[in-house]
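The values are calculated or read from the model by the stated rules, or taken from the named source; none is laboratory data. What you are looking at is a predicted structure, and each value in this text was computed from that prediction instead of being measured. Positions of Cβ are backbone-derived with ideal geometry, glycine not excepted, and every protein chain shown enters the neighbour counts.
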Amino acid sequence: MTTVVAQGTFDVLHPGHVHYLSDAASMGDRLHVIVARSENVTHKPEPILSGNQRRAMVDALAVVDEAHLGHPEDIFVPIERIDPDVIVLGYDQHHDEAGLKRALRDRGIDCVIRRASPRDPDSDELCSTGRIIDRIVERRC
């Protein structure tokens, strides 16, 4: 059995998230998703939704076997516990793959790192939480 891990913030789910997780699920037999805790999201604005709510929404997706809330101090703790065969990064996630490979090796985690494919959105489709929030503000405020 091939165990796959995907991870992200997943604030305001959109078709890009569903594509990423569906693509990740196709790379193995079981898909675990690690949802970042709000305090660990430092590369973009703080999530709108709580970590527990974002985890529950991801867990409700049919392609996800189990969703986990990330560790508050050490992002590798859930990865060590899950012991994946494959870690799938989103096609546009800002990870340093070489640094990630080194960190996994240093912790004795032997797995492959792959990238999900991009999604070609329909012309009116928003595949960015930031753009969705911008549109809400524009139309509702």
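Key figures for this structure:
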read-out: Residues being more than 18 Å from residue 5 (Cα to Cα) and without any contact (Cβ under 8 Å) to a residue 12 or more places away in the chain - total across the stretch 85-141; value: 14
read-out: Selection count, the stretch 85-116, where residues are surrounded by fewer than 13 Cβ atoms within 10 Å (Cβ to Cβ), outside any helix (DSSP H, G or I) and among the small types (Gly, Ala, Ser); value: 1
read-out: From 55, 107, residue being modelled with pLDDT of 95 or more and out of contact with any Cys (no Cβ under 9 Å at 6 or more places or on another chain); value: 55
read-out: Filtered residue count, the stretch 35-56, keeping only those that are under 14 Å from the mean Cα position of the chain (by Cα) and not in a loop (DSSP other than H, G, I, E, B); value: 7
read-out: Residue 70 closer than 27 Å to residue 2 by Cα and either surrounded by fewer than 15 Cβ atoms within 10 Å (Cβ to Cβ) or over 15 Å from the mean Cα position of the chain (by Cα) (or both); value: no
read-out: Single residue of the stretch 1-34 satisfying the filter (in contact with a Ser or Thr (Cβ under 6 Å, 6 or more places away or on another chain) and either in a loop (DSSP other than H, G, I, E, B) or crowded, with 20+ Cβ neighbours inside 10 Å (or both)) that is modelled with the lowest pLDDT; value: 12
